[in-house]
Amino acid sequence: MSTHIQIVPDSLALAGAGADWLAHRITRKPDLTILVATGQTPMGMYGHLAARVQAGTLDCSRVTAVQLDEYMGLEPDDPRSLRGWMERAFVFPLGIRNVVPLDDPATFTARLRDLGGLDVAVLGLGPNGHLGFNEPPSSPDAPTREVTLTPESLESNRGYWDGLAVPTQAITAGMDVILAAHETLLLVSGTHKQAILGAALDGPQTPDVPASFLRRTALTVLADREARP
Ligand code: F6R
């Protein structure tokens, strides 16, 4: 497949360029089905998109948002719920009405199949090369499933929840789902992602770096200079 790498000066530029990329595709196909990452990296981009919706220059009312990952064992109103984060950051501000939640693997997989799969996957890059919660090692055919988070992911997610413990069990959209998206946008920002982005783009395709398999897809990497000097 093809890999297109776009380098921008900083995280502000990343947000604008990411919003341009996705808005273009929503305009071309208003009923786009989008896999939606949470985490810090895409938040600026989602803010830009929300501003365009508010300004009336972008209509997302026919978009379907598909949840990428979730912790297990949380009450629905738990502040750590990734569904809640996706709704606050993406679904509600963009006026999206259709959501495929990641509640259990069989239901999720069936709903996605009925929708004809993903048009677009919007992803961040884990510090250990994970995608969603596809922790290393994850093979390209790894299905949607329950997983135990690695110590590295627990540590990196700790920053999101201000003192609350990070649940150790999670559920993730599979590598098979992610790699079957028609197009993928990988957003990467910061010096702490430099080495893992290098491994994902320039190293061998290996389950030890799940993101390395994105090179099998129609991939756009949007990185700032700190992540890709
Ligand atoms: C979030 C997710 C994670 C993050 C990754 C990077 O839904 O699936 O894979 O994308 O851990 O997180 P940030 O963007 O916070 O560096």
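For the reader, a short list of remarks on this structure follows.
Condition check ((1) within 16 Å of the ligand (Cβ to nearest atom); (2) under 22 Å from Val177 (Cβ atoms); (3) in a helix (DSSP H, G or I); (4) in contact with a Ser or Thr (Cβ under 8 Å, 6 or more places away or on another chain)) across all residues:
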| position | (1), (2), (3), (4) |
| --- | --- |
| Ala15 | yes, no, yes, no |
| Ile26 | no, yes, yes, no |
| Tyr46 | yes, yes, yes, no |
| Ala51 | no, no, yes, no |
| Leu58 | no, no, no, yes |
| Asp77 | no, no, no, no |
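- Residue in segment 8-26 that is over 17 Å from Val221 (Cβ atoms) and buried (at least 21 other Cβ atoms within 10 Å of the Cβ) present: yes
- Residue ID - surrounded by the fewest Cβ atoms within 10 Å (Cβ to Cβ), chosen from residues in segment 90-108 that are over 30 Å from Val53 (Cα atoms) and at pLDDT 95 or above: Ala106
- Filter pass, Gln194 being more than 17 Å from the chain's Cα centre (by Cα), within 13 Å of the ligand (Cβ to nearest atom) and surrounded by fewer than 23 Cβ atoms within 10 Å (Cβ to Cβ): yes
Residues are listed down the side, and each one gets a yes or a no for (1) surrounded by 19 or more Cβ atoms within 10 Å (Cβ to Cβ); (2) free of Cβ contacts under 8 Å to residues at least 40 places away in the same chain; (3) farther than 29 Å from Leu164 by Cα; (4) more than 19 Å from the chain's Cα centre (by Cα):
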site: Met1; (1), (2), (3), (4): no, no, yes, yes
site: Ala51; (1), (2), (3), (4): no, yes, yes, yes
site: Arg88; (1), (2), (3), (4): no, yes, no, no
site: Ala110; (1), (2), (3), (4): no, yes, yes, yes
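- Any hit, segment 5-12, residues being modelled with pLDDT of 95 or more, closer than 23 Å to Arg228 by Cβ and in a helix (DSSP H, G or I): yes
- Val147 being of a type outside the set (Asp, Glu), within 12 Å of the ligand (Cβ to nearest atom) and in contact (Cβ under 8 Å) with a residue 24 or more places away in the chain: yes
- Criterion: surrounded by 14 or more Cβ atoms within 10 Å (Cβ to Cβ), under 17 Å from Gln40 (Cα atoms), over 15 Å from the mean Cα position of the chain (by Cα) and of a type in the set (Asp, Glu) - qualifying residue of Asp162, Asp224: Asp224
- Selection from segment 190-205 of residues that are closer than 17 Å to Thr217 by Cα and not in a helix (DSSP H, G or I): Gly203, Pro204, Gln205
- The number of residues in segment 124-140 that are near the ligand (Cβ under 9 Å from one of its atoms) and either in contact with a helix residue (DSSP H, G or I) (Cβ under 7 Å, 6 or more places away or on another chain) or in a loop (DSSP other than H, G, I, E, B) (or both) comes to 9.
- Selection status of Arg62, outside any loop (DSSP other than H, G, I, E, B), surrounded by 13 or more Cβ atoms within 10 Å (Cβ to Cβ) and more than 14 Å from the ligand (Cβ to nearest atom): no
- Of Leu115, Leu94, all but one fail to be of a type outside the set (Lys, Arg) and touching a Leu at 6+ places or on another chain (Cβ under 7 Å); the exception is Leu94.
- Arg88 closer than 21 Å to Ala19 by Cα and within 14 Å of the ligand (Cβ to nearest atom): yes
- Count - residues of segment 151-181 that are within 14 Å of the ligand (Cβ to nearest atom), touching an Asp or Glu at 6+ places or on another chain (Cβ under 9 Å), touching a residue at least 60 places away in the same chain (Cβ under 8 Å) and not in a loop (DSSP other than H, G, I, E, B): 3
The values are calculated or read from the model by the stated rules, or taken from the named source; none is laboratory data. None of the values given here were measured: they were computed from a predicted structure. Methodologically, a virtual Cβ is constructed for each residue, glycine included, from the backbone with ideal geometry; neighbour enumeration extends over all protein chains shown.
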